[in-house]
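Student: Take this structure first; my questions come after.
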Amino acid sequence: MISRSSGSESDMRLGSHMRSEESTRALNFWLYLAVFIAICGAILHGHFGYSTPASGNALGSDDAFISYRYAANLSSGLGLIFTPGESVEGYSNLLYTLLMVPGVWLGADSLYFFSLVVNALLLGGCCIVFHNLIKDYLGERWAAVGVMLLALSPVLWANAATGLESVLVLFLVLLVWSAVDRLEPDLRVLLALALACSLCRVDGFTIPLLAAVALALSGKRKVALQLTLFVVLVMGLYTFWRLYYYNDYIANTFHAKITGGFEDRLKFGFRMLWMWGRFNGLLAFMVMTALLALMRRDLVHRHPFPFVLLSATVGYFIYIGGDIYFERFLLSVIPVGLFAVLHLAAGVRQTPLKFALPLFALLAGSLVLHEDARFSYREKTYDMWYALGRFLKQANPSYLLAIDAAGKVPFYSGLPSLDLLGLNDRHIGRRTMPANIKFFTAHSKFDPDYVLSRNPELIASWVLPSLDLAWGMTQERYGARYELKYLVSASLESRGKDILDVQGMRDEQIRSLVDQYYNYGVLARKDIISSLPRADMPEPPPTLAQDGLLDPDSATGFAGWFGREGDIRWSNGKRAATLFRISPKTLSEGRLEIRFGALGSQRVALRLNGHSLGEFQLQGWDERLVIPIDPRWLLVEADNELEWDLPDARTPGTGDPRTLAIALRELRLR
């Protein structure tokens, strides 16, 4: 009886052990699946998604290629420099830049893919560390839920696909969190992580300092003090190295990016947090974390690091005025927010609420798929910066290029480059800007007079409707020595002709191209303009059809007009023009017919090739204006220009910020 009873108990223990192993394997399956999803999500986003679509970035972000250029120059023996002969620390991420050096050996066209794979693997590592963190807090089942929520975050895929160091920073943050939360933190591990954090980004030293604050709050003051002293030592040595290598105490990027008055930065930071936080889940996660802190004071006391981290991260984001790369400085809010959601869900008894809270977290982080242009997934055929960089590689390799997008174009062209926004230029980066310069995060420092004093062969920047370039590079400044040579399409898709040679074109023709989103320009110094590579020639203004109708889809026939919206095209501002050519058979009766809609009552003065056609008071939504013309004013098989003066153009008052006057439906010569 005793032996049978012992055998029965042994069988029960064996069965229980087997069931436990099966349960562990089943739960581990979710970890493996989450890592797979995170890695695939990052790589697929890199292939089909965008980092900053409004800036034409199909392959990663432009800033990432600044680091790639430093890595390439280091690999080639030139050192950690942006342009030979200029020693400036224009990267913000030393550790990640060094990590990219092996990718340089694969070739320029493979370096982004190398970076994408590294970031995807780091994101997989984030899933593993987060899983283990939640398992220690709440057990394996909640850890499986948490790691799946983290892996299914589209925001993390997008940030991995930028090619920046953001996911490396998140990985280190999670490792620090894991190390801090141990009952007896391993000082050697903390010091190693502190070193990595201090080198990973200019502000990376703040991560171990936050860990020291958390350790002190939880009663581990000796470890906190040791960690703090080590961070001070590391940053002291790092600063001495900077002074030796770059003759600067901090990266030039810090000088260039932290600009504007304190109040301006706060307003901009709050605005960006609201603008993006509604759709990427961050505001929801912040609320959930605050709710957990109020309900579980004991948890805050025993494990303060996630609460300290979130508070400092959000405060820092607002203090610096936000960031143009969406939420990259706020990625740590996601795991902290999920940590809060899982604790809240585990603490309720009602089963529906246990499921509802994680589902809410998933939906809150997934709104970006509908609201954010980064997730307009498609097969990508065109990156404007890659195209321009490859094109300018044909230019003389000694030509100095001054450019506001200092990543991809300098990287792929190999040209010596001057950063118009100062990240890689000591003078602009350290400049104190006048008080009247409007603050915009990391884009508030520029000096057009200094740039022109450097006498670059090429100057590249966004083209304004006035045909001035951005950042104060007006025609009045550049016109004596430079001419607009190229226009680059800022479309997300290739047009076949993506870089146009506009040398010698009339202003109104150039404006018509700018209005069609050929709105990035390259100025060339007049003495070297003949030596530059040839680009595609733009199409001439459209020739009117035999019935005299102007092609409504023409890319070169409309200057000072917005793109078509159904069967109309709105005027843009107080001046506009329509450009066209005619054949000898086009004109028969000598009159101009215009079908239009007007925004309220509008005065319009018309001129044809400099000849006044009169002034008109227009109103109504579907009206027709018939104007007699002298056929002698028309140029046959040459460019004709119909100018529109629209003094009453205004915003419609419906939330549309555009300045509108006339909605053109049809223009015809009879």
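Student: Kindly sort Met100, Met275, Met235 by accessible area of their heavy atoms, largest first, with the probe set to 1.4 Å.
Tutor: Putting Met100, Met275, Met235 in descending order of accessible area: Met275, Met235, Met100.
Student: Using the Cα centre of the chain as origin and beta-carbon charges of +1 (Lys, Arg) and -1 (Asp, Glu), tell me which of Leu237, Leu532, Tyr319 is placed farthest towards the positive end of the dipole.
Tutor: Of the candidates, Leu237 comes out farthest on the positive side.
Student: Could you work out how much longer the chain between Arg296 and Thr381 gets when fully extended? Use 0.36 nm per residue separation minus the Cα distance between them, nm to one decimal.
Tutor: Taking 0.36 nm per residue and subtracting the Cα distance, the gain is 25.5 nm.
Student: Mind checking which lysines have their C-alpha under 23 Å from Lys267, skipping anything on the same chain fewer than 8 residues away?
Tutor: Hits, sequence-local ones excluded: Lys257, Lys438, Lys445.
Student: To continue, here is another question. In Å and from the alpha-carbon atoms only, list the Rg and Dmax of the range 315-384.
Tutor: 16.6, 54
Student: Please give the solvent-accessible surface of Arg278 in Å², to the nearest 10, using a probe radius of 1.4 Å with every protein chain present.
Tutor: Solvent-accessible area, nearest 10 Å²: 100 Å².
Student: Once you charge only the Cβ atoms, +1 for Lys and Arg and -1 for Asp and Glu, what is the size of the charge dipole of the range 265-317 about its Cα centre, to the nearest 20 debye?
Tutor: Here the size comes out at about 160 debye.
Student: For the range 207-366, evaluate the Debye formula with one uniform point scatterer on each Cα (no solvent term) and list log10 I(q)/I(0) at q = 0.11 Å⁻¹, rounded to two decimals.
Tutor: -0.58
Student: How about the range 67-117: which chymotrypsin sites (Phe, Trp or Tyr not before Pro) there lie in a loop by DSSP and see at most 16 other Cβ atoms within 10 Å?
Tutor: Hits after loop and neighbour filter: Trp105.
Student: Here's something else I'd like to know. So if R0 is 22 Å, what FRET efficiency would Glu589 and Gln617 give, r being the distance between their Cβ atoms, rounded to the nearest 0.05?
Tutor: 0.35
Student: Same structure, new question: At q = 0.16, 0.17, 0.22, 0.24 Å⁻¹, what log₁₀ I(q)/I(0) does the range 341-441 have when each alpha carbon counts as one equal point scatterer in the Debye sum?
Tutor: -0.85, -0.89, -1.08, -1.14
Student: So which aspartates and glutamates pass the test for Lys135, namely a Cα distance under 13 Å, with those fewer than 8 places away in the same chain ruled out?
Tutor: Asp181
Student: Let's test the formula: R0 of 41 Å, r as the Cβ-Cβ distance of Arg141 and Val287. What FRET efficiency results, to the nearest 0.05?
Tutor: It comes to 0.95.
Student: Something else about it: Using DSSP to call loops (not H, G, I, E or B), can you name the GluC sites (Glu not before Pro) in the range 601-670 whose Cβ has at most 16 other Cβ atoms within 10 angstrom?
Tutor: Hits after loop and neighbour filter: Glu637.
Student: Work out, step by step, the length gained on full extension between Arg534 and Arg188: first 0.36 nm times the residue separation, then minus their alpha carbon distance; give nm to one decimal.
Tutor: Full extension of this stretch gives 118.6 nm more.
Student: Just to make sure I understand: if all protein chains stay in place, what is the order of Met295, Met473 by accessible area at 1.4 Å, largest first?
Tutor: My answer, sorted largest first, is Met295, Met473.
Student: Please list, in order, the residues from the range 443-465 whose amide nitrogen is less than 19 Å from a point placed 7 Å along the Cα→Cβ vector of Asp507.
Tutor: 462-465
Student: OK, next. Modelling each spin label as a point 7 Å along the Cα-to-Cβ direction, I'd like the Ala545/Val626 distance in nm, to one decimal.
Tutor: In this crude spin-label approximation the distance works out to 2.0 nm.
Student: Taking all protein chains as present, what is the carbon and sulfur share of the accessible area of the range 157-259, in % to the nearest whole number, probe 1.4 Å?
Tutor: 71
Student: Excluding same-chain pairs closer than 8 in sequence, count the lysine pairs in the range 449-585 whose Cα atoms lie under 30 Å apart.
Tutor: Lysine pairs, 8 or more places apart or on different chains, close enough: 5.
Student: Determine the order of Arg454, Arg265 by accessible area, beginning with the largest, at a probe radius of 1.4 Å.
Tutor: Arg454, Arg265
Student: Just to compare against my own numbers: the Cα pair-distance distribution for the range 36-138, 10 Å bins, whole % per bin, please.
Tutor: Calculated P(r), rounded to whole percents: 15, 36, 31, 14, 4, 0.
Student: Follow-up. What FRET efficiency do you get for Glu637 and Asp567 if R0 is 45 Å and r is their Cβ-Cβ distance, rounded to the nearest 0.05?
Tutor: 0.95
Student: So, taking all protein chains as they sit and a 1.4 Å probe, how much accessible area belongs to Asp553, in Å² rounded to tens?
Tutor: 100
Student: According to the square roots a ≥ b ≥ c of the eigenvalues of the Cα gyration tensor, what is the shape class of the range 152-275, taking rounded for a/c under 1.5, prolate for a/b larger than b/c otherwise, and oblate for the remainder?
Tutor: Note, shape of the range 152-275 comes out oblate.
Student: Also: Apply the membrane-span-like helix rule to the chain: whole DSSP H runs, Cα extent along the own long axis of at least 18 Å, mean Kyte-Doolittle hydropathy at least -1.0. List the helices found.
Tutor: Long hydrophobic helices here: 2-48, 108-138, 166-180, 187-200, 221-246, 262-277, 282-295, 305-319, 333-346, 351-366.
Student: Hey, another quick one. How large is the Rg to Rh ratio of the chain when both quantities use alpha carbon positions and Rh follows Kirkwood?
Tutor: Looking at the chain, the ratio lands at 1.07.
Student: Then there is this: Roughly speaking, to the nearest percent, how much of the range 91-154's 1.4 Å accessible area is carbon and sulfur?
Tutor: Reported share for carbon and sulfur atoms: 69 percent.
Student: Any idea of the accessible area per residue across the range 476-565, 1.4 Å probe, to the nearest Å²?
Tutor: Heavy-atom accessible area per residue stands at 42 Å².
Student: For the chain, what is the mean residue ellipticity at 222 nm derived from helices alone (per DSSP H run of n ≥ 4: -39500 (n - 2.57); sum divided by total residues; nearest 500 deg cm²/dmol)?
Tutor: That comes out to -15000 deg cm²/dmol.
Student: Where only protein heavy atoms count, and the probe is 1.4 Å, what is the accessible area per residue for the range 201-284 in Å²?
Tutor: Dividing the accessible area of the range 201-284 by its residue count gives 51 Å².
Student: Give the separation of the Cα centroids, the range 88-164 to the range 241-269, in Å.
Tutor: 26
Student: Rounded to whole Å, give me the distance from the Cα center of the range 547-581 to that of the range 205-233.
Tutor: Cα centroid to Cα centroid, the span is 64 Å.
Student: Looking at the range 536-642, which chymotrypsin sites (Phe, Trp or Tyr not before Pro) are in a loop (DSSP not H, G, I, E or B) and have at most 12 other Cβ atoms within 10 Å?
Tutor: When the chymotrypsin sites (Phe, Trp or Tyr not before Pro) of the range 536-642 are filtered for loop state and at most 12 Cβ neighbours within 10 Å, Trp621 remain.
Student: Once you charge only the Cβ atoms, +1 for Lys and Arg and -1 for Asp and Glu, what is the size of the charge dipole of the range 395-502 about its Cα centre, to the nearest 20 debye?
Tutor: Using Cβ point charges on Lys, Arg, Asp and Glu, the range 395-502 gives about 260 debye.
Student: Another question, then. How much length is gained on full extension from Ser110 to Leu98, taking 0.36 nm per residue of separation minus their Cα-Cα distance?
Tutor: Value of the extension gain: 2.7 nm.
Student: Could you check how much of the accessible area of the range 560-660 is carbon and sulfur, as a whole percent, using a 1.4 Å probe?
Tutor: Answer for the range 560-660 is 49 percent, counting heavy atoms of protein chains only.
Student: Rounding to the nearest 20 debye, state how big the charge dipole of the chain is about its Cα centre with +1 on each Lys and Arg Cβ and -1 on each Asp and Glu Cβ.
Tutor: That gives the chain a dipole magnitude of about 1600 debye.
The values are calculated or read from the model by the stated rules, or taken from the named source; none is laboratory data. Small disclaimer: the values here were computed from a predicted structure and weren't measured. In this analysis, Cβ positions are derived from the backbone assuming ideal geometry, glycine residues included, and neighbour counts consider all displayed protein chains. Protein only, heavy atoms only, side chains kept; ligands, DNA and RNA dropped before computing areas. Shrake-Rupley method; radii C 1.70, N 1.55, O 1.52, S 1.80 Å.
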